[in-house]
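Peer 1: Sending over a structure as structure tokens; questions will come in a sec.
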Amino acid sequence: ITQTLIFLFISATVFAQNQYYLSSSTGNDSNDGSQTQPWKTLSKISATTLGPGDTVYFKKGDTFRGHFVVNGSGTEQNPITFTSYGSGNQPVISGSGHDDGGGDYREAILVTNHDNMVFDGLEIQNHRTISRSGVGDLVSFGIRVEVSDSHVNLNNFSFRNMTFKNVYGLYWVDPSNQSEFNAFEVSGLTFISSWGGIII
């Protein structure tokens, strides 16, 4: 009996799932990240290691500005889910319009070498207006999923009830300027292999 109880305890620990709540209007990064004490910023959730079965909730009606770098992978049976809570319009995640002084981000959400994720019920924007060091003015993405290692394969991404809009580079390009036009990359959702330079 003792062995069975120990086994059940270990199993519950291994498969524990975390829930994280964010609200840009009422949250505070000093909170515990629960629904009653949500976090506030994308930088806070970016610094959090996520695992299989975890869920990140963004409050409806709120706008989250900055850069969300997803840190962790799910599994096929237990993906990481990014969704909303509360009532009202879809929460907006935008890489532009923030106040960190560094210019607008290349993308609102970045996933690098991680997979098994569900994005559900979010609005993604990235209307860039201010240059950022190290980022070309002619690129802008809503969500960018990239592979930077030739030995990594990414699997199982689901996008449900998503809205992508207002994704712009800093200025438009005249197609007659071929070299500049070739550098123009703007999309709401992009999958890319950066080590091979191949857009999927």
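The values are calculated or read from the model by the stated rules, or taken from the named source; none is laboratory data. Since this is a predicted model, take the numbers as computed values, not measurements. As a convention, Cβ positions derive from the backbone with ideal geometry for all residues, glycine included, and neighbour counts pool all protein chains shown. Just so you know, the surface numbers come from the protein's heavy atoms only, side chains and all, with ligands and any DNA or RNA stripped out. Shrake-Rupley method; radii C 1.70, N 1.55, O 1.52, S 1.80 Å.
Peer 1: Order the peptides 68-75, 25-32, 56-63 from the highest to the lowest mean number of other Cβ atoms within 10 Å of their residues.
Peer 2: Details: 68-75: 18.6, 25-32: 13.2, 56-63: 20.8.
My ranking of the peptides, most packed first, is 56-63, 68-75, 25-32.
Peer 1: Here's something else I'd like to know. For the stretch 49-57, take each phi angle, set θ = phi - 60°, evaluate the Karplus expression 6.51 cos²θ - 1.76 cosθ + 1.60, and give the result in whole Hz per residue in order, putting x for glycine and proline.
Peer 2: Result, ordered by residue: 7, 9, x, x, x, 5, 10, 10, 10 Hz.
Peer 1: Students often forget the sequence filter, so: which lysines lie under 16 Å Cα-Cα from Lys44 once same-chain residues fewer than 8 apart are removed?
Peer 2: Here the lysines satisfying the reach criterion relative to Lys44 are Lys59.
Peer 1: Which of these values of Rg and Dmax of the Cα atoms in Å was calculated from the structure shown: (i) 15.5, 50; (ii) 16.5, 55; (iii) 18.7, 77?
Peer 2: (iii)
Peer 1: Further question on the same structure: Heavy atoms of the protein only, probe of 1.4 Å, neighbouring chains included. What is the accessible area of Arg132 in Å², nearest 10?
Peer 2: Near enough 50 Å² of accessible area.
Peer 1: So the label point goes 7 Å from the Cα of Phe159 along Cα→C-beta, right? Which residues of the stretch 118-143 then have their backbone N under 16 Å from it?
Peer 2: 118-127, 140-143
Peer 1: List the aspartates and glutamates whose Cα sits under 14 Å from the Cα of Lys60, skipping any in the same chain fewer than 8 residues away.
Peer 2: Output for Lys60: Asp120, Glu123.
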